[in-house]
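Any read-out appearing in this document is the output of simple, stated calculations on the displayed coordinates, not a laboratory observation. This is a predicted model, so every value here is computed, not measured. Using ideal geometry, Cβ is built from the backbone for each residue, glycine included, and neighbour counts are taken over all protein chains shown.
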Amino acid sequence: MIKKLVKHIAIIVLFCFTIVSCTKEVDFDQAKDLSLEPIVASNLVFFNAPATNFFANSSELITVRDSVIIDLFNRDFFVDNVVKAEFVFETVNSINRAFSIQVDFLDDANQQRHTFSFTSLASPTHADIITTHTEVFENNLLDDLKASNKVVLTIQALSGGSPLNNSTPGRIQLKSKGIFYLTTGEIE
Amino acid sequence: MRKVSFLFGLITCMSFSQNKQVLYGFSEIPQALLLNPGGEIKNDWYFGIPLLSHIHVKAGSSGVSVYDLFANDGIDFNGKLRNAVNKMKPTDFFTINQQLEMFSGGYAFGPSYEKNQYLSFGLYQETDLIAYFPKSIAVLALDGNANNINRPFQLNQINLSGEVLSVFHVGYNKKVDKDFTFGVRGKIYSSIANFNSTKNKGVFVTRTGENNFYNQIFNLDLEARTSGISSLIDDENSNFSNDIAALRKRILFGPNLGLGFDIGFTYNLTKQWKVDASLLDIGFISHRKDVKNYKIEGEYSFEGINPLFPETDTGQTSEDYWNDVGEAFEDLFEVKENANKYTTWRPVKFNASLNYAFGKKQSKDCNCLKEDLSYLNAVGMQFYAINRPKQPQLALTAYYYRQLFKSLRAKVTYTVDSYSFNNIGLGISAHLGGFNFYVLADNFLQYKNIYNAQSVSLQLGFNYIFNKNEN
């Protein structure tokens, strides 16, 4: 009986050895190298305004301005993971008047951290004139963006061209998007 | 041609999860009766050694192996991850199944000259997890949406469920005549914890827009249901042992109960040919207590914000307009909780096999065959199917069974499943007096590098068996 038991246990142990078997070298620490680098695109601001929008109370409305509180750029996830940002603007102008588009970035203390502007050219023939502008945020400029929580958008009619009244033909359209380059995990 | 592609599609869907192809039909092992309550019975009575009578673990991944991702081969991990994501399909899945028998036993009864009925019972604990690979979410995380304009990211690819439960069961088996045996098993399920998120819908897509560059469409209809979990997470104490104690109480008749049954039969076509089949876990669990469900539902199409010339309703200031945009996003992603009771169905399993026995033992005394001896060899085909959230998973097995010595039985299986056409399984059952030990495992060809196996399975256990017709 004992002999038999030993024999059987020997067979079973042998069997278990074949089960335990070999492994080739693996390194689970590699998971620490995990780094995702998605590129996220999002709409920003837009407007589509006929020339008549720039005429109010019987006079030209030279400057239209509004501010937007945006608490996206200084959120932890954004601050930690965004390594580069591009803001792409496109205007389509069919008004015989040039406009300046200005974007200001302000921080908590209402201090200006960054500003840029570009000109949407006048369209003497009222054909669509397309102007594009790309603002790239990297390094110090990216830090300024991450410190901002308020964006001021200003559109200003420049002098010259046709006067703006309630029968001025044409319109100005603005499209904008943000392209955010993210790197999660390991940042060298 | 269409038939061929259908067949190929069927085979690629084949899988292993919960399949115990080595144990099925291995009638010397009492636990085989759990895979077919109408199976053949070869003992008078038995009891399982408590907590050691059936230990089963199975883990698998239909798309990638551990080695694919973690091989120490100097290749950049992120590159390997990207390859894996590209290679995998939304129907690929990861699964873990574990069972531990607390106790079990069985005994034959009936007329003393022929005990043709058998009662078996037991309690086991089971863990079952399945998570499908949410490919679109993985691509979104890897690449983002900027280079995927117009590509819909499907949220229905989020599909996972898991449960921990205990099952108390009593089975009845009757040998009606020398050819036909049937059996049923009633089960009481006690859910220890459950979560599932299998009916998600919706899409996130960035399309080319009208008023702005894009039209970003969020269409979310996501739901996760849980029971038995929130009381563990939300309780004030951070003492883990209290949670363990709470879980232990649920093993026998916890707050969320269910009912189910198994049925099966064996029919001898001739002395050597035999068919059998079983349906397992036809049952449900009603989750009524300690339920917490989470829902995100909403639709929003975002074109950006228009602070200068908002197309506002009358009297609305641009401030109001901006608040509306913010609120729309908050509403969209707001997680709503409820405690609505729900019912889950257990994954129904189907087994069937066709078997041929041959090769009777030669008697030592005379050069003739002993009439009452059973055959030493058997070959056969087994079919297995399990109902899963997305689609049933199937497996086909061919096997060879052999009685090696009087006290040692072995079975070799060859199984076709979704990752490989070369899953070799092996099992042995040793019988020493009344003492029985068995160990069964599959995917042997992968054991030269176990990390390269997409699935591994192991069952082992100890029983004490009193056999009739000891010879």
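Histogrammed with a bin width of 20 Å, the alpha carbon distances of the protein assembly as shown distribute as 15, 37, 25, 15, 7, 1, 0 percent, first bin at zero. Remark: mean inter-chain Cβ contacts per residue of B:425-436 equal 2, using a 10 Å Cβ-Cβ cutoff to other protein chain atoms. Taking the helices alone, chain A has a mean residue ellipticity at 222 nm of -5500 deg cm²/dmol, built from -39,500 (n - 2.57) per DSSP H run of at least 4 residues and averaged over all its residues. Positive end of the dipole of chain B (Cβ unit charges, origin at the Cα centre): among B:VAL57, B:HIS431, B:GLN157, the Cα lying farthest that way belongs to B:HIS431.
Here the alpha carbons of chain A define both size measures, Rg and Dmax, at 30.7, 114 Å.
Which residue fluctuates most in the GNM of chain A (Cα springs below 10 Å): A:LEU36, A:LEU142, A:LEU106? Fluctuation is largest for A:LEU36. Using the Karplus relation 6.51 cos²θ - 1.76 cosθ + 1.60 with θ = phi - 60°, the per-residue 3J(HN,Hα) values for segment B:25-30 come to x, 7, 6, 5, 8, x Hz, with x marking Gly and Pro. Sorting B:TYR464, B:TYR113 from the fewest to the most surrounding beta carbons within 10 angstrom yields B:TYR113, B:TYR464. Note on chain A: with a GNM built from Cα contacts shorter than 10 Å, the maximum mean-square fluctuation among A:ASP80, A:ASP71, A:ASP27 falls on A:ASP27. Ignoring solvent entirely, what values of log10 I(q)/I(0) come out of the Debye formula for chain B at 0.06, 0.08 Å⁻¹ when each Cα is a single scatterer? Log10 of I(q)/I(0), two decimals: -0.36, -0.60. Dipole check for segment B:194-293: with +1 at the C-beta of Lys and Arg, -1 at the C-beta of Asp and Glu, and the Cα centre as origin, the magnitude is about 360 Debye.
Here r is the Cβ-Cβ distance between B:ASP331 and A:THR52 and R0 is 25 Å; the resulting FRET efficiency, rounded to 0.05, is 0.10. Placing unit charges on the Cβ atoms only, positive for Lys and Arg and negative for Asp and Glu, gives segment B:64-126 a dipole magnitude near 180 debye about its Cα centre. So which DSSP H runs in chain B come out at 18 Å plus along the axis (Cα) with average Kyte-Doolittle of at least -1.0? Span-like helices, by this rule, are B:318-333. Take each peptide in B:350-359, B:23-32, B:420-429, A:121-130, count the other Cβ atoms within 10 Å of every residue, and average; sorted highest first, the result is B:23-32, B:420-429, B:350-359, A:121-130. A compact globular protein would have a Cα radius of gyration near 2.2 N^0.38 Å; the ratio found for segment B:24-111 is 1.75. Our coupling estimate for segment B:63-74, obtained by passing each phi through the Karplus curve with A = 6.51, B = -1.76, C = 1.60 and θ = phi - 60°, is x, 10, 9, 4, 5, 3, 8, 10, 4, 7, 10, x Hz, Gly and Pro reported as x.
Residue order for B:MET102, B:MET381, fewest other beta carbons within 10 angstrom first, comes to B:MET381, B:MET102. Dipole magnitude for the protein assembly as shown: about 4800 debye, using +1 per Lys or Arg Cβ and -1 per Asp or Glu Cβ, origin at the Cα centre. Please grab the % of Cα pairs in segment B:77-170 that end up more than 22 Å from each other. Value for segment B:77-170: 56 percent of Cα pairs lie more than 22 Å apart.
Calculated mean residue ellipticity at 222 nm for chain B: -4000 deg cm²/dmol, from DSSP H runs with n ≥ 4 weighted as -39500 (n - 2.57), summed, divided by the residue count and rounded to 500. Think of chain B as a dipole: +1 on every Lys or Arg Cβ, -1 on every Asp or Glu Cβ, centred on the Cα centre; then among B:ASN83, B:VAL66, B:VAL275, B:VAL275 lies furthest on the positive end. Taking amide H positions as modeled 1.01 Å from N, with prolines and chain starts lacking one, the residues under 5 Å from A:PHE137 and 5 or more places away or on another chain are A:ALA85, A:GLU86, A:PHE87.
Over all other residues within a Cβ to Cβ distance under 13 Å of B:LYS87, the charged ones net out to +2, with Lys and Arg as +1 and Asp and Glu as -1. Pairs over the 32 Å Cα-Cα cut-off, from the set B:LYS174/B:LYS406; B:LYS175/B:LYS406; B:LYS58/B:LYS249; A:LYS175/B:LYS295; B:LYS58/B:LYS360: A:LYS175/B:LYS295; B:LYS58/B:LYS360. Here the simple spin-label model places points 7 Å from the Cα toward Cβ, and for B:ASP234 and B:LEU404 these points are separated by 5.5 nm.
Label positions at A:GLU37 and A:ASN166, each projected 7 Å from the Cα along the C-beta direction, are separated by 5.7 nm.
Each of B:LYS292, B:LYS249 has some number of other Cβ atoms within 10 Å of its Cβ, and from fewest to most they run B:LYS249, B:LYS292.
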